[in-house]
1. Which chymotrypsin sites (Phe, Trp or Tyr not before Pro) in region 23-83 sit in a loop by DSSP (not H, G, I, E or B) and have at most 12 other Cβ atoms within 10 Å of their own Cβ?
2. How much accessible surface area, in Å² rounded to 10, belongs to the heavy atoms of H87 with a 1.4 Å probe?
3. Read phi for every residue in region 12-22 and hand back ³J(HN,Hα) as whole Hz from Karplus 6.51 cos²θ - 1.76 cosθ + 1.60, θ = phi - 60°, with x for Gly and Pro.
4. From the backbone phi of region 81-95, what are the Karplus-calculated ³J(HN,Hα) couplings (6.51 cos²θ - 1.76 cosθ + 1.60, θ = phi - 60°) in whole Hz, Gly and Pro given as x?
5. Please identify the trypsin sites (Lys or Arg not before Pro) of region 1-64 that satisfy two criteria: DSSP loop assignment and at most 10 other Cβ atoms within 10 Å. Which are they?
6. Y107 versus A24, label points 7 Å from Cα toward the beta carbon: distance in nm?
7. Can you work out the Karplus-derived ³J(HN,Hα) for every residue in region 31-42? Use 6.51 cos²θ - 1.76 cosθ + 1.60 with θ = phi - 60°, whole Hz, and x for glycine or proline.
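The values are calculated or read from the model by the stated rules, or taken from the named source; none is laboratory data. Computed from a prediction, not measured in an experiment: that's the story for all the values here. Positions of Cβ are backbone-derived with ideal geometry, glycine not excepted, and every protein chain shown enters the neighbour counts. Please note that ligands, DNA and RNA were not included when accessible areas were found on the heavy atoms of the full protein model with its side chains. Shrake-Rupley method; radii C 1.70, N 1.55, O 1.52, S 1.80 Å.
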Amino acid sequence: MRTRSQIFPWLPPALRKRLRTYAARKGVTESAVVQAALQEHLDSEATDRALILRRLDRAGRAMATFHRDFELLSQAFAVYVQLWFAHTPRVTPDARAAAEQGASRRYRQFLDYVSKQFGEGDRFIRDVLPPEEEPDTDVREPAKEGDRDDRAG
């Protein structure tokens, strides 16, 4: 009973030469090189699919976090604007120049403060929401021949 079947693939001369050179350098038969390459190619589909699914899942979680943070900041901004309108009196035309100067100075102070906080890593979101779990950083490349079974599932 035969344990293997013979096939007759057609290869361009340049590829055949590379196959012959590679097999000689590794000390294996051309058949063994072709068999290993074909096995790797056919098995990589499951490994690649699992890797892509993990990466898509991670991207989906990141997008959900971004959406949540954006909604929170939008709501915080809306509350701020409502309070600002409720507690800021209208400026008369003759007091407008002084009000604009004061507003410009306070705005620069505000930008300096925000830049400092941001540079130090302080974030409004962290003050409002509980800390999340560490992100999934599993971005392993496709497996080598020996560890393929662990990753396919």
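1. On the way: sites: F66, F70, F77, Y80; in loops: none.
Of the chymotrypsin sites (Phe, Trp or Tyr not before Pro), not one in the loops of region 23-83 has a Cβ with at most 12 other Cβ atoms within 10 Å.
2. 140 Å²
3. Each residue's phi maps through the Karplus curve to give x, x, 5, 5, 4, 5, 4, 4, 4, 5, 4 Hz.
4. Residue by residue, region 81-95 yields 5, 4, 5, 4, 5, 6, 10, 10, x, 5, 9, 6, x, 6, 9 Hz.
5. Details: sites: R2, R4, R16, K17, R18, R20, R25, K26, R49, R54, R55, R58, R61; in loops: R2, R4.
Sites meeting the loop and neighbour criteria: R2, R4.
6. My value for the distance between the label points is 7.6 nm.
7. Values per residue, Gly and Pro as x: 4, 5, 5, 5, 4, 5, 5, 5, 4, 4, 5, 6 Hz.
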